[in-house]
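Asker: Below is one structure. I have some questions about it.
The values are calculated or read from the model by the stated rules, or taken from the named source; none is laboratory data. Computed from a prediction, not measured in an experiment: that's the story for all the values here. Cβ coordinates were reconstructed from backbone atoms using ideal geometry, including for glycine residues, and neighbour counts include every protein chain displayed. Just the protein is used for accessible areas: all its heavy atoms, side chains included, with ligands, DNA and RNA removed. Shrake-Rupley method; radii C 1.70, N 1.55, O 1.52, S 1.80 Å.
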Amino acid sequence: MLRDAGFYDVRVRHHRNIARIEVGLEELPRFLEEEMRTLITKALKDIGYAHVTLDLQGYRRGSTNEILVKTKETGA
């Protein structure tokens, strides 16, 4: 749905009942327009997510690895 809406650098991370959206920083202003935000939120809630969040760091490749590196560094 996000690609159909014209977003290029975008992904949705699935965290149980939370959808965490990452969108390219240059696309962020359009994403935050009220009509777009409402459309996206409704679409994700309609498929079962209880919460829809936006990652304020934006879309970046390898972001999942950031957690793995920190865990390895701290030994947690």
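Asker: Please go through the range 23-34 and pick out each residue that is charged (D, E, K, R) and either touching a residue at least 60 places away in the same chain (Cβ under 8 Å) or outside any helix (DSSP H, G or I) (or both).
Answerer: From the range 23-34, those charged (D, E, K, R) are 26-27, 30, 33-34; that's our starting set.
Once the filter is applied, which keeps residues that are charged (D, E, K, R) and either touching a residue at least 60 places away in the same chain (Cβ under 8 Å) or outside any helix (DSSP H, G or I) (or both), the range 23-34 yields only Glu33.
Asker: Ok, one more. Could you count how many residues in the range 29-40 are among the hydrophobic types (A, V, I, L, M, F, W, C) and either under 13 Å from Arg60 (Cβ atoms) or open to solvent by 60 Å² or more (accessible area, probe 1.4 Å) (or both)? If you could, list the steps in order and put the result at the bottom.
Answerer: First pass over the range 29-40, keeping only residues among the hydrophobic types (A, V, I, L, M, F, W, C): 31-32, 36, 39-40.
The next check asks that each one be either under 13 Å from Arg60 (Cβ atoms) or open to solvent by 60 Å² or more (accessible area, probe 1.4 Å) (or both); those that pass are 32, 39.
Within the range 29-40, residues that are among the hydrophobic types (A, V, I, L, M, F, W, C) and either under 13 Å from Arg60 (Cβ atoms) or open to solvent by 60 Å² or more (accessible area, probe 1.4 Å) (or both) number 2.
Asker: Let me ask something else. For Arg13, which of the numbered conditions (1) of a type in the set (D, E, K, R); (2) assigned to a helix (DSSP H, G or I); (3) surrounded by 12 or more Cβ atoms within 10 Å (Cβ to Cβ) fails to hold?
Answerer: That leaves (2) as the condition not met.
Asker: If Thr38 meets every condition in (1) at pLDDT below 95; (2) assigned to a helix (DSSP H, G or I) apart from one, which number is that one?
Answerer: (1)
Asker: Residue pairs, Cβ under 8 Å, 6 or more apart or interchain, first in the range 35-46 and under 15 Å from Val23 (Cα atoms), second in a helix (DSSP H, G or I). List them.
Answerer: Pairs found: Met36/Arg30; Arg37/Phe31; Ile40/Phe31.
Asker: Which of the residues that make up the range 17-26 are modelled with pLDDT of 95 or more and either over 12 Å from the mean Cα position of the chain (by Cα) or of a type in the set (Lys, Arg) (or both)?
Answerer: Across the range 17-26, the qualifying residues are Asn17, Arg20.
Asker: Looking at the range 47-56 only, could you name the residues that are in contact (Cβ under 8 Å) with a residue 12 or more places away in the chain and not acidic (Asp, Glu)? Quick ask: steps written out before the conclusion?
Answerer: To start, the set of residues in the range 47-56 that are in contact (Cβ under 8 Å) with a residue 12 or more places away in the chain comprises 48-55.
Scanning the range 47-56 gives Gly48, Tyr49, Ala50, His51, Val52, Thr53, Leu54.
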